[in-house]
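The block underneath contains the structure these notes are about, expressed in structure tokens.
The values are calculated or read from the model by the stated rules, or taken from the named source; none is laboratory data. Just so you know, these numbers come straight off a predicted model, no measurement behind them. Note that we place each Cβ from the backbone using ideal geometry, even for glycine, and neighbour counts take in every protein chain shown. Ligands, DNA and RNA are stripped out before the accessible areas are found, and what is left, the full protein with its side chains, is counted by its heavy atoms. Shrake-Rupley method; radii C 1.70, N 1.55, O 1.52, S 1.80 Å.
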Amino acid sequence: MAIRMGAARIGRRPLLATALALPHAARAQAGWPTRPVRVVISWPPGGGADVPMRLAAPAMQQVLGQPLVLENRAGASGSVGAGVVAQAAPDGYTTLADTAGGSVNHLLIPGLPYDFQRSFSMVSQMVRSPLLCVVRADHPAKDLHGLLERCRSLPGQVPFGSSGVGTMTHLAPALLLRRAGVTANHIPYRGGAASITGILSGDAEFVFSTLPSATPLVLEGKLRGLAVSIGHRLGNLPDIPTVQEQGFAGFDIADWLGFYTPAGTPEHAVARLAEAAQAGMRDPNAVKRLGEIGMIPVGSPPAEFAAFFAEQRRTLGAIIQENGIKVE
């Protein structure tokens, strides 16, 4: 699904005298972009990748002076959309929005024709997204202890959902279950919204969900929140304790959204996209709306995001190896 959001063209044409004084390369840089920028979102609408990009888009368009064309290309834990962008021309006009799972898909998907660290230029970490462990409102578990005891009494039988193998919504419960010394039955869905549907239908009993999918249903009383995945409670859901508070010291894990271009994209285009991403994450409306669902705006510069990505690749890779996670 492609959505084109219009924007006024602003500040792209310098005065003639200034333009004539600039070298050709400098004029090209000053004028970039000259057409709409495509953003491939590698997850379905309404989830932790889609919502932040749509909130950031108006402010990003103001910086770029061109429309963003947002296109959801879901599938295979984000690798379908990432593959589309990896093959695109490295000119900055095709970009990628993908979640943390992109940093470890090379460990999970045999024959993946690209690798994030070689195939993409890092533009910005857009948001940090805490996860919320939820069950249906009529589930017998009233807290995290009750859920884990249920898993202990039914080894390997309690079904839990995720948005895909190797995604943060899979790695967070895998880490918790391992620390608790219990097992459960993993059911990977195609995106966070689908995993919530699985909870509501009774096909799965719990999920560590991204906040856009879970928060509204918790507030409506259709889901019960049992635990927050990061080290502090959420301002919008202050009554839900953290995993740490419930006996798991140091448990602090969150999903995140990265913004990328194909490797080899000119530095001036990467810098302009990063400027736009940072503006999107400072936009008052975006900050307000993200805060209402508990997501944390970041908007980091490229070098900072590259260092963060490398650290996450190591950390999450260790969780995958320790838990023997693989695509079945």
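Listed values, structure above:
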read-out	value
Qualifying residues in segment 57-82 (those that are of a type in the set (G, A, S) and modelled with pLDDT of 95 or more) - the one most open to solvent (accessible area, probe 1.4 Å)	A59
Test result for P216, open to solvent by 30 Å² or more (accessible area, probe 1.4 Å), closer than 19 Å to M295 by Cβ and either assigned to a helix (DSSP H, G or I) or polar (S, T, N, Q) (or both)	yes
Those residues of segment 259-298 which are on the phi > 0 side of the Ramachandran plot and touching a strand residue (DSSP E or B) at 6+ places or on another chain (Cβ under 7 Å), in sequence order	G294
Search result, residues across segment 229-240 that are without any contact (Cβ under 8 Å) to a residue 60 or more places away in the chain and out of contact with any Asp or Glu (no Cβ under 7 Å at 6 or more places or on another chain)	H232, R233, G235, P238, D239
Residue tally, condition touching a Pro at 6+ places or on another chain (Cβ under 8 Å), open to solvent by 30 Å² or more (accessible area, probe 1.4 Å) and of a type outside the set (A, V, I, L, M), over segment 41-56	1
The lone exception for G161 - which of (1) open to solvent by 40 Å² or more (accessible area, probe 1.4 Å); (2) within 26 Å of L290 (Cα to Cα); (3) not charged (D, E, K, R) it fails	(1)
Pick from segment 113-147, criterion part of a loop (DSSP other than H, G, I, E, B) and aliphatic (A, V, I, L, M), ranking: farthest from Q244 (Cα to Cα)	A137
Whichever residue in segment 219-262 is in a strand (DSSP E or B), of a type in the set (G, A, S) and closer than 17 Å to A100 by Cβ and, among such residues, is nearest to the chain's Cα centre (by Cα)	G258
Filter result (in contact with a helix residue (DSSP H, G or I) (Cβ under 7 Å, 6 or more places away or on another chain) and under 21 Å from G47 (Cα atoms)) within segment 262-278	A277
Single residue of segment 287-323 satisfying the filter (under 15 Å from N236 (Cα atoms) and among the small types (G, A, S)) that is most open to solvent (accessible area, probe 1.4 Å)	G291
Residue in segment 148-173 that is farthest from A227 (Cα to Cα), counting only those that are touching a Phe, Trp or Tyr at 6+ places or on another chain (Cβ under 8 Å) and in a loop (DSSP other than H, G, I, E, B)	G164
Unique match (being of a type in the set (K, R), out of contact with any Cys (no Cβ under 9 Å at 6 or more places or on another chain), crowded, with 18+ Cβ neighbours inside 10 Å and closer than 27 Å to P241 by Cβ) among R150, R179	R150
Selection count, segment 283-314, where residues are over 15 Å from H106 (Cβ atoms) and assigned to a helix (DSSP H, G or I)	18
Matching residues in segment 109-145 - criterion: being in contact (Cβ under 8 Å) with a residue 40 or more places away in the chain, over 30 Å from R272 (Cβ atoms) and either open to solvent by 10 Å² or more (accessible area, probe 1.4 Å) or in contact with a Pro (Cβ under 7 Å, 6 or more places away or on another chain) (or both)	I109, P110, R136, A137, H139, K142, D143, H145
Test: residue in segment 265-277 that is in contact with an Asp or Glu (Cβ under 8 Å, 6 or more places away or on another chain) and open to solvent by less than 40 Å² (accessible area, probe 1.4 Å)	yes
Conditions (1) within 14 Å of S121 (Cβ to Cβ); (2) open to solvent by 40 Å² or more (accessible area, probe 1.4 Å); number of the one not met by R282	(1)
Candidate set: segment 189-208, residues that are modelled with pLDDT of 95 or more and outside any helix (DSSP H, G or I); chosen: the one surrounded by the most Cβ atoms within 10 Å (Cβ to Cβ)	F208
